[in-house]
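A.B. asks: I am attaching a structure below and will ask some questions about it afterwards.
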Amino acid sequence: MISLIAAVAANGCIGKGDALPWHYPEDLKYFRRVTMNHRVLMGRKTFTSILA
């Protein structure tokens, strides 16, 4: 089975520079809870930002 999680701002953007265009700690907690112990496919910049 393949699942997808996507987040898009009201104006349709998915990023602002090297960061998210919003700051909602609950979103990040949800993402972590749902993806923990599962494989996650992401781009290089997302991977780098998670390690920071």
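A.B. asks: Could you tell me whether the stretch 11-20 includes any residue that is out of contact with any Phe, Trp or Tyr (no Cβ under 8 Å at 6 or more places or on another chain), among the charged types (D, E, K, R) and surrounded by 10 or more Cβ atoms within 10 Å (Cβ to Cβ)?
C.D. replies: Yes, that holds for at least one residue.
A.B. asks: From the set of residues in the stretch 35-52 that are among the hydrophobic types (A, V, I, L, M, F, W, C) and not in a loop (DSSP other than H, G, I, E, B), which is surrounded by the fewest Cβ atoms within 10 Å (Cβ to Cβ)?
C.D. replies: Selected residue: Leu51.
A.B. asks: Here are some residues: Gly17, Gly43. Which one is at positive phi and either within 13 Å of the chain's Cα centre (by Cα) or at pLDDT below 85 (or both)?
C.D. replies: After applying the criteria, what remains is Gly17.
The values are calculated or read from the model by the stated rules, or taken from the named source; none is laboratory data. Nothing here was measured: the structure is a model prediction, and the numbers come from that model. Cβ sites come from the backbone with ideal geometry, for glycine too, and all protein chains shown count toward neighbours.
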